[in-house]
Amino acid sequence: MTLTRLDIQSDGCLLLTVEAVAPAGSEAALIAAFVTPEAVARWWSAELTVGMVGEPYVAAFARLGQTMRGELLAHEPARRVGFTWAWEHEPMVPEYRVAVEAVAEGGRTRLTLTHGLYADDEAGRADAGSHRAGWEFFLPRLVAGV
């Protein structure tokens, strides 16, 4: 499966909104790709540990030697997933929220992802830019693996 469109907008510096268009019928697989350890290993190259809503959401990136820790906020298969995260090695950095929704729309699937909130300062702008580059790299891998 290939990504047919990827559009990333920034609401000032506060929130990144990513919209990706994928082939029809991929809603369940796209949402599962955020909560299934085997899928996360394919597109994020990370080892995911996740439980139920309200429990830890942990992704260990062996190649980077870094671990992302947060909480699973929402999971509705084939519809939406949400989680918080922060790098384990940067405990003073603000925790970010990611919300993902997949919707069947006119013979395709629209994946909308929001990521933030970012501080309206130099560090916040740097984080937003780094995360934007990350999604530009990783989302085509996500869709290709679904």
Length-normalised contact order of the chain in % [C-alpha pairs under 8 Å, at least 6 apart]: 29
Placing +1 on the Cβ of each Lys and Arg and -1 on the Cβ of each Asp and Glu in region 57-146, which of A86, T109, L73 has its Cα farthest towards the positive end of the resulting dipole? T109
Per-pair calculated FRET efficiency, R0 = 25 Å: A86 and E136 via Cβ, rounded to 0.05: 0.75
Pop out the carbon and sulfur fraction of the accessible area of region 15-69 as a percent, whole number, probe 1.4 Å. 59
Of Y118, A46, G129, which is farthest on the positive side of the dipole of region 19-146, counting Cα position, with +1 on Lys and Arg Cβ, -1 on Asp and Glu Cβ, and the Cα centre as origin? A46
Taking Cα centroids, how far is region 10-89 from region 119-146 in Å? 12
Using the Cα centre as the reference, give the magnitude of the dipole from point charges on the C-beta atoms of the chain (Lys, Arg: +1; Asp, Glu: -1; all else neutral), rounded to the nearest 20 debye. 520
Return the Rg/Rh ratio of the chain with Cα-based radii and a Kirkwood Rh. 0.94
Using label points projected 7 Å from each Cα along Cα→Cβ, tell me how many nm separate E19 and S45, to one decimal. 3.1
Need one number: nm distance between label points at T112 and Q66, each 7 Å from Cα along Cα→Cβ, rounded to one decimal. 2.8
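The values are calculated or read from the model by the stated rules, or taken from the named source; none is laboratory data. This is a predicted model, so every value here is computed, not measured. A quick note on method: Cβ atoms are made from the backbone with ideal geometry, for glycine too, and the neighbour counts reach across all protein chains shown. With ligands, DNA and RNA removed, areas are computed over all heavy atoms of the protein, side chains included. Shrake-Rupley method; radii C 1.70, N 1.55, O 1.52, S 1.80 Å.
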